[in-house]
1. Taking only DSSP H segments of four or more residues, each worth -39500 (n - 2.57), what value at 222 nm results for the chain once the sum is divided by all its residues, to the nearest 500 deg cm²/dmol?
2. Provide the descending list of Cα extents for the chain along its principal axes, expressed in whole angstroms.
3. Suppose every K and R has +1 on its Cβ and every D and E has -1 on its Cβ; what is the size of the dipole of the range 1-131 about the Cα centre, in Debye to the nearest 20?
4. With springs only between Cα atoms under 10 Å apart, run a GNM on the chain and tell me which of ARG269, ARG150, ARG342 wobbles the most.
5. Which one, ALA13, SER48, LEU64, is farthest towards the positive end of the dipole of the range 4-75 when Lys and Arg carry +1 and Asp and Glu -1 on their Cβ?
6. What's the magnitude of the charge dipole for the chain around its Cα centre, counting Lys and Arg as +1 and Asp and Glu as -1 at the beta-carbon? Answer in Debye, nearest 20.
7. Could you put THR160, THR275 in order, starting from the residue whose Cβ has the fewest other Cβ atoms within 10 Å?
8. Under 20 Å from the Cα of LYS101, which lysines turn up, not counting those fewer than eight places away in the same chain?
Amino acid sequence: MAELQLQICAQGAGQIKLSWMGAIWRSYCVDKACLESAGADVRSVLQSIADEYTDPNPSYEDYLPTLARAGERLKSALFASPDSAESADEVGSFLTGLGQKTSLCICSDSSVHLPWNFVYAGNPNAMPKPTGKLSDFDDFWTNRFKIRIRFQQASVPPKTPISKKRVKTLLALHNERFKAATQALKNDPELQRKIRRLLEHEIGHTNNWFDCRSKWDNLANEDSIFYIFAHSDGKSLSLSDKPPCSKSSGIDRYLLSPSGFQTYFRKSRSNPTNTLCFINGCRTADGDWGNGFLSTTSTHGFQGFIGSEAEVPNDRATKYAVEFLSHLLEGSTVDVAFEATRELCFPMSLWYSCYAYPDFQISAR
């Protein structure tokens, strides 16, 4: 099977350089504003679909053609290179001939954040009738490729699985929304059991950032999983629906910015431990240039994070997180846990992107 790597970096004023490596070697530049505009269009459709899943009988099927057209525009923006049209066309043609689930590792300097899963490679006007299954997305990159995204400043991953006995778990929870989500899932006893196990895991859970920081002090020098269930606008994380104490402050009892995250939770260069972060909040895979949570959680001591491209309904977001973290704590690699949860929590699972090192693993014992 062909393996591909795509390196992304800022290149001059308003340009993004795309360097393809592995099965094909080509480089070219595209317009950053066009990429961001196309990505925003895709995320707008994703949010409309996610909003459907607050209803008792939701369906994504009527939205598929609209999502496909937005994904087609994103694909066009990825290969629109006036100065290197031949190279861009060669890559586009090469990708068309690849089989399903080709490995694609995207390494970025965080200059642009795109919903890679929803690049569309088919014909939006000739889509087959939806079946309600994962195969409905076969012409989107989510099924065409096995996409994993990393940032160039990310920590070197551990070479062997981390002992489960050494791993601590910290959960920062939006109290009202988490309670509502668990209540909505009350008819699933197995899921309720998994939720209880997570809440009981050392170090425990909290519902404000001040207490969270205190608990972090007890695990900053430990290997850990840091799970955040919060409301987010892509620029901050809130653990309460109450307004912040100060609009001018980036750090508040219930509101946290990426810079606040670094202040509270960064690790010293001498700290050899590893933390995997899962930020379950709307648009946490979207952020300002170099200042989103996705780049913050790829600095020293962090192995990246799992994040969402749109606001996923609370109950479905909680189910996804519980299934993913349970797989991880039972010994699965990030890669295996991500793929397993993709099937279990379809279709909302497709709204999540993996910005974590895929081979990060906690031993089953």
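1. That calculation yields -10000 deg cm²/dmol at 222 nm.
2. If we take the Cα atoms of the chain, the spans are 55, 49, 45 Å.
3. 200 debye
4. ARG269
5. ALA13
6. 1260 debye
7. So the residues, fewest neighbours to most, are THR160, THR275.
8. Cross-link targets: LYS75, LYS133, LYS146.
Each value in this text was obtained by applying a stated rule to the coordinates, not by laboratory testing. Predicted model only: the values in this text are computed from it and were never measured. Note: ideal-geometry Cβ built from the backbone for every residue, glycine included; neighbour counts use all protein chains shown.
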